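The values are calculated or read from the model by the stated rules, or taken from the named source; none is laboratory data. Keep in mind the model is a prediction, meaning the values are calculated, not measured. Every residue, glycine among them, receives a Cβ derived from its backbone with ideal geometry; neighbour counts consider all protein chains shown. Ligands, DNA and RNA are stripped out before the accessible areas are found, and what is left, the full protein with its side chains, is counted by its heavy atoms. Shrake-Rupley method; radii C 1.70, N 1.55, O 1.52, S 1.80 Å.
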Amino acid sequence: NSAYWMSLKIKGADPATFRIFNNYYAVDKHRGYFRHQPIEGSDGETFTYLNDNWSRDAHDYYYGSTPLKVDDYDTFEILDEFLHDRALDKFSYYYQSSKVPIKDRGSLVILASTYAKDDYHVYWAGFIVEEADPQSFEVVDDKRIRLGRDKNHCYSGPRIVRCHELNEEARRYCRCDE
């Protein structure tokens with residue numbers, strides 16, 4: 001007597017309580033599952049699929065199979081405006097399964113191209129962009145250019161880019177010829 005998901009036997013799953021949410025998530029009375037693998041530490045009695053790669057139980061939130069160990073469960077929210085890959089709680093900013101402590105949630109602004117900023121830092125994905133100036137930081141996000149800039153530098157992800165690395169349009173955006 002076994003539980004199966006998309007023709008694969010799910011080792012250790014309870015067949016009597018095994019339920020499939022979609023192609024990626026399932027649950028039994030013991031734990032949640034992501035892509036046929038148990039989500040370590042999840043509680044099957046309270047586990048639920050939320051959307052895309054997010055799920056939760058009574059104790060934590062999960063991105064894919066990764067427990068986030070959220071800092072404040074009650075204030076955790078998934079930010080829907082950018083591909084459902086970012087979230088916040090009272091103390092941290094989450095990009096997928098990466099958690100970055102934020103200094104000032106009240107001033108946090110979610111930007112395009114995986115950037116965010118508050119009054120103290122600029123963030124890219126799960127990193128603080130160390131040299132970026134949050135007061136002057138802005139982002140251009142179109143199909144040809146995905147860069148951030150502040151009064152001093154241009155950024156591709158968390159790194160400073162130099163003018164000689166850029167095409168003509170990006171050079172204009174980065175004010176290379178000024």
Next on the checklist: For a test of the definition: using alpha carbon positions, the gyration tensor, and the 1.5 limit on a/c, classify the range 46-116 as rounded, prolate or oblate.
Outcome noted: oblate
Checklist outcome for this item: Note, the range 124-129: 3J(HN,Hα) by Karplus (6.51, -1.76, 1.60, θ = phi - 60°), whole Hz, Gly/Pro = x, goes 10, 6, x, 10, 8, 7
Checklist entry - Given Ser113, Gly64, Gly12, which one lies farthest toward the positive end of the charge dipole of the chain, if we put +1 on the Cβ of every Lys and Arg and -1 on the Cβ of every Asp and Glu? => result Gly12
Item to check | Per residue value of the accessible surface for the range 39-121 (all protein chains in place, 1.4 Å probe), Å² | outcome: 49
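Mind running the shape call on the range 80-172? Use the C-alpha gyration tensor, a ≥ b ≥ c as the square roots of the eigenvalues: rounded below 1.5 for a/c, prolate if a/b tops b/c, oblate otherwise.
prolate
What translational D, rounded to a whole number of µm²/s, comes out for the chain from Stokes-Einstein when the hydrodynamic radius is the Kirkwood one over Cα pairs, at 4 °C and 1.567 mPa s?
Answer, rounded: 71 µm²/s.
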Checklist entry - So, by mean Cβ neighbours within 10 angstrom, what's the order for 126-139, 55-68 with the highest one leading? => result 55-68, 126-139
Checklist outcome for this item: note: the range 1-97, Cα-Cα separations exceeding 15 Å make up a percent value of 57
Checklist entry - When the accessible area of the chain is split by element with a 1.4 Å probe, what percent falls to carbon and sulfur? => result 45
Next on the checklist: Within the range 105-138, name every residue whose backbone N is under 15 Å away from a label modeled 7 Å from Cα of Thr75 along the Cβ vector.
Outcome noted: 105-109, 118-119
Checklist outcome for this item: For the range 146-152, in residue order, the Karplus 3J(HN,Hα) values (coefficients 6.51, -1.76, 1.60; θ = phi - 60°; whole Hz; Gly and Pro = x) are 9, 9, x, 8, 10, 5, 10
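Tell me, in nm to one decimal, what length is gained between Phe127 and Ile110 on full extension, where the rule is 0.36 nm per residue of separation less the Cα-Cα distance? Please list the in-between numbers first.
Working: separation 17, 0.36 × 17 = 6.12 nm, distance 1.40 nm.
My answer for the length gained is 4.7 nm.
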